[in-house]
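The values are calculated or read from the model by the stated rules, or taken from the named source; none is laboratory data. Just so it is clear, the structure is predicted and the values come from calculations on it, not from any experiment. Here Cβ is always computed from backbone atoms with ideal geometry, including for glycine, and neighbour counts include all displayed protein chains. Only protein heavy atoms, including side chains, enter the accessible area calculation; ligands, DNA and RNA are left aside. Shrake-Rupley method; radii C 1.70, N 1.55, O 1.52, S 1.80 Å.
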Amino acid sequence: MSQPALARFWHPICTSDEVTEQPRRFTLLDDFVVAFRDENCVAAFRDLCIHRGAALSLGWVRDGTLVCPYHGWQYDRSGACVKIPSRPADAPIPAAAKAQAYHVQEKYGLVWVGMEEPAADIPLFPGDVYGKPGWKSFISYREVWNTSAARAVENFMDFSHFPYVHTGILGTEETAEIAPYTVEKREDGLFYFLEQEEPSELYGAGGKQKVRYEYTLVVPFTIHLKKIELGTGRETIISQLTLPRTSKTTELFVFILRNHSLDEADTPFQEFTNNIMEQDRVVVQSQRPEELPDSLREELHIKVPDAASLLYRQRLASLAKVEVFGPYGA
Ligand code: FES
Ligand code: CO
């Protein structure tokens, strides 16, 4: 889908500790971003000096400004050039001498960038439980996949691959049939759930409990899976926050949040999830084209189980349309 439409959303470029006073380059939407920290606040620009196109990420921070490495132009955190050292100090600075400053926020231990005025807030976790008492959160998995962000999200949304990609862990061929399910369309995305009986030693040998899996998708690239054990009330949220680096490379930040096992180590949860993500990675990286096809007709979807991903593709397509026709009207 078109990059201009995506420029109006927040994207997580890295973890907070990765942005220091030393400017650093990140990749977002087929372009480069420079981020640096100044007096505990992050600033981000397009990684390009307006003077002669040098990468600002090769520069350094001085007196709260970012200094271009080539001829030393200095930009304040709003992007305005405040000093051109080769000119007399009293010579006016051209108004066009600006770095392209982006919107920046830190949330969930990540740095988020909006290249244009963001059309929506940074997505919340289901129930807004991140950082709340009784919940524990950590980043379980972080990798760059050779695929588009949309393919990576669609994989996370999809449960009909479980018996094949995650055989013996999340299903077997005998359980491949999917019951019809309903997808709720929400203003910011989609919601759907399924329920099934699962073995649980909590109920003794051979015991079972009902488990509900809730999927919450926030367009364009955030997808949450909340597992609720209806018998015990234990909840586990696995969330994929997805960074569209280029149209064919995508960085995944997978969080695990839980309201149980708080005194236990994260490791077992991490190992389980990361193993699954690596199984997914092999298949998703094999998909061609890497980006979703432009037309919904190009791949063959069937209603069950593909209803959710079809609606997701429609949502992405309509985002792109708003960019083409609005805000100037049809
Ligand atoms: Fe940046 Fe010349 S290219 S100051
Ligand atoms: Co999978």
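Sum up the charges of everything whose Cβ sits under 15 Å from the Cβ of LEU257, counting Lys and Arg as +1 and Asp and Glu as -1, but leave LEU257 out.
Neighbourhood net charge equals +1.
Under a Cβ-only charge scheme (Lys and Arg +1, Asp and Glu -1), can you give me the dipole magnitude of the stretch 3-114 about the Cα centre, in debye to the nearest 20?
300
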_Over the chain: helical MRE at 222 nm, DSSP H runs n ≥ 4 each giving -39500 (n - 2.57), nearest 500_ = -5500 deg cm²/dmol
*Return the FRET efficiency for the residue pair LEU310, GLU264: r is the Cβ-Cβ distance, R0 is 35 Å, and the value is rounded to the nearest 0.05.*
0.35
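For the stretch 3-114, which semi-axes, largest first and in whole Å, follow from the square roots of 5 times the eigenvalues of its Cα gyration tensor?
On the way: eigenvalues 120, 45, 26 Å².
For the stretch 3-114, the ellipsoid semi-axes come out as 25, 15, 11 Å.
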*Cα-Cα over 27 Å, subset of LYS107/LYS227; LYS136/LYS210; LYS185/LYS226; LYS107/LYS210*: LYS107/LYS210
*Of the options ILE84, LEU58, PHE269, report the single residue whose Cα projects farthest towards the positive end of the charge dipole of the chain (beta-carbon charges: Lys, Arg +1; Asp, Glu -1).*
ILE84
*Using the beta-carbon distance between ASP188 and TYR70 and R0 = 51 Å, what value does 1/(1 + (r/R0)^6) give for FRET efficiency, to the nearest 0.05?*
0.75
_the stretch 181-212 versus the stretch 26-95: alpha-carbon centroid distance in Å_ = 50
_Just to be sure I understand the model, the point goes 7 Å from the Cα along the line to the Cβ. What's the resulting ARG52 to ALA179 distance in nm?_
6.9
*asked:* Can you give the FRET efficiency to the nearest 0.05 for LYS107 and ASP30, using r as the Cβ-Cβ distance and R₀ = 25 Å?
replied: 0.55
*For LYS208, put the label point 7 Å out on the Cα→Cβ axis and report which residues of the stretch 147-189 keep their amide N under 18 Å from it.*
170-180
*Cα convex hull of the chain: how many Å³ per residue?*
156
*If we sort 267-274, 68-75, 208-215 on the protection proxy, mean other Cβ atoms within 10 Å, highest first, what's the order?*
68-75, 208-215, 267-274
*What's the carbon and sulfur percent of the chain's accessible surface, probe 1.4 angstrom, rounded to a whole number?*
52
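In nm², what is the average projected area of the convex hull enclosing the Cα atoms of the stretch 126-318?
Details: hull surface 45.4 nm².
One quarter of the hull surface, i.e. the mean projection, equals 11.3 nm².
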*asked:* Students often check this: by mean Cβ neighbours within 10 Å, which of 101-114, 176-189, 18-31 ranks highest, and how do the rest follow?
replied: 101-114, 18-31, 176-189
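Please give the per residue accessible area of the chain, computed with a probe of 1.4 Å over protein heavy atoms only, in Å².
50
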*Please give the length that would be gained between ASP128 and GLU278 if that part of the chain were fully extended, namely 0.36 nm times their separation in residues minus their C-alpha to C-alpha distance (nm, one decimal).*
51.2 nm
*asked:* Test of understanding: what is the full-extension gain from GLN287 to LEU170, defined as 0.36 nm times their sequence separation minus their Cα-Cα distance?
replied: 40.0 nm
*Can you tell which of SER261, SER86, SER309 shows the greatest fluctuation in a Gaussian network model of the chain with Cα springs below 10 Å?*
SER86
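Can you tell me which of 146-154, 222-230, 127-135, 284-292 comes out highest on packing, and rank the rest after it, using the mean Cβ neighbours within 10 Å? Please list the in-between numbers first.
Details: 146-154: 23.4, 222-230: 19.4, 127-135: 12.8, 284-292: 15.4.
Averaged packing, sorted descending, gives the order 146-154, 222-230, 284-292, 127-135.
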_Positive dipole terminus of the chain, leading residue within PHE36, PRO220, GLY204 (C-beta point charges)_ = PHE36
